[in-house]
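Inspection log for the structure reproduced underneath, given as C-alpha cells.
The values are calculated or read from the model by the stated rules, or taken from the named source; none is laboratory data. This structure is a prediction, so every number in the text was calculated from the model and none was measured. So basically every Cβ, Gly included, is an ideal-geometry build from the backbone, and we count neighbours across all protein chains shown.
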C-alpha cells in the first residue's frame with residue numbers, strides 16, 4: 001500500500017488537493033481510502049457529503065472518513081477514559097465537563113497514526129491519502145512516533161513502578177484522589193504497541209511520501225520551505241510540491257497583471273528552490289471545487305498523464321542526520337566543483353552558491369544556534385557539520401570551502 005500525506009499552510013487548498021488525488025487514483029482502479037487528521041473536518045465539505053468516524057463510500061473504489069476523537073476514546077481507550085473521568089469527578093467537575101476534558105489534546109493525531117498502520121496491515125487497500133492539519137500540527141503529528149517511543153522506553157516503566165509504590169499514600173494524603181492502576185498502564189502499553197512500525201512506514205520512500213501544497217505567495221512559500229526542512233530533519237520523504245490557485249492564461253483583464261507577475265516570480269522561486277522536486281500546477285477555478293465531478297476535473301488538470309499514486313521523486317535534496325557528537329546537513333550538488341562553491345550561514349539560513357546560482361536553505365531551530373565546524377564537497381554531496389551551541393564559523397558572509 002502507498003501512503004501519501006498532504007500538508008500546507010491553512011487555506012492553500014490541501015484538502016481539495018488530497019480529495020482530488022483520491023478520486024483520480026480510484027478512477028484508475030486503485031482501492032483508495034482518504035482520511036483527515038484536521039479537526040476542522042473540511043474533507044466532508046470538499047466531497048459535499050456527511051462523513052464520520054467510519055469509512056463512507058464517496059465514489060467507486062474510493063472511501064473517506066474523518067476522525068472523531070471522542071468516539072475513538074470510547075472504543076479504544078476506555079480504561080484511560082474512565083480513569084480521567086474519575087479524576088475530574090473527584091475534582092468537582094460535572095459530567096459534561098468531565099466528558100469534554102477526557103479527550104486529551106492531540107488524540108486526533110495519535111488515532112490517525114494507529115489508523116495508518118491498520119490500513120496497511122489490513123491488505124485491503126492500494127492507496128491511503130491523508131489530509132493533514134496545517135503545517136505546525138503536521139510536524140507535531142509526524143514527530144509523535146519518536147516522542148512516544150522515547151517516553152515509553154524511558155519514563156513509562158519508571159512511572160508505573162513509582163505509581164505502584166507511592167500511589168496509595170498519595171491517594172490518602174489527597175483525600176481519596178484516584179490513582180492510575182495496572183489496567184490504565186496496560187491500556188496505554190497496548191495502545192502504544194499499535195503504533196509500532198508507523199515511523200518506519202512513513203519514512204520509507206517506497207511506501208510513503210509527503211506532498212507540500214502551496215500558493216504562489218511569499219509567506220506561503222517561506223512556510224513550505226521551513227516545513228520541508230523539518231520533514232527532512234525527521235527523515236520523511238517529500239516527492240512533490242503542488243502550487244495551487246494559479247491564475248489561468250485565460251484571465252487577461254489588466255487588473256490582474258500585477259498579480260500574475262507576482263505569481264510568476266514566486267513560481268520561479270518555488271521551482272528553483274525546491275528542485276529537483278517536481279512541481280504540479282493547479283489553476284484557480286471559476287467555481288468552488290465541491291463534489292466528485294469537479295474534484296476529478298481538478299485532479300486531471302493537476303496530474304495530467306502522471307500516476308497520482310506513483311513515487312514522483314526519489315530521494316531528498318538535503319538531509320539532516322546525526323554523526324557522533326555532530327549533526328550533519330547533506331545537500332546534493334551533482335557536478336559541482338570545489339572552486340565554484342561558496343557556503344555561508346546567516347539569519348537562520350544556510351546559503352549555498354554554485355557558480356552564478358545561490359540557494360537559501362532554512363535551518364531548523366535545532367541547528368540555528370549550533371556552531372558550524374566545517375563543510376566538505378565529496379562525490380557531488382555537500383556535507384555541513386554542526387557542533388554544539390555557539391558561534392557559526394562561517395559568519396555572515398560567504399566563505400569559499
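Does residue 274 satisfy being surrounded by 15 or more Cβ atoms within 10 Å (Cβ to Cβ) and either more than 30 Å from residue 378 (Cα to Cα) or modelled with pLDDT under 95 (or both)? Criteria met by residue 274.
Taken as a whole, the structure leaves residue 342 outside the set of residues that are at pLDDT below 75 and in contact with a strand residue (DSSP E or B) (Cβ under 7 Å, 6 or more places away or on another chain).
Condition check ((1) more than 30 Å from residue 368 (Cβ to Cβ); (2) surrounded by 14 or more Cβ atoms within 10 Å (Cβ to Cβ); (3) under 17 Å from the mean Cα position of the chain (by Cα)) across all residues:
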{"site": "226", "(1), (2), (3)": "no, yes, yes"}
{"site": "234", "(1), (2), (3)": "no, yes, yes"}
{"site": "245", "(1), (2), (3)": "yes, yes, no"}
{"site": "250", "(1), (2), (3)": "yes, no, no"}
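Of the residues making up segment 195-218, just one is free of Cβ contacts under 8 Å to residues at least 40 places away in the same chain and either assigned to a helix (DSSP H, G or I) or not assigned by TED's automatic domain parsing to the domain that holds residue 242 (or both), namely 200. Evaluate the following for residue 54: is it modelled with pLDDT under 95 and assigned to a loop (DSSP other than H, G, I, E, B)? Yes. Put simply, of 280, 267, 294 the only residue that is touching a helix residue (DSSP H, G or I) at 6+ places or on another chain (Cβ under 9 Å), crowded, with 17+ Cβ neighbours inside 10 Å and touching a residue at least 24 places away in the same chain (Cβ under 8 Å) is 280.
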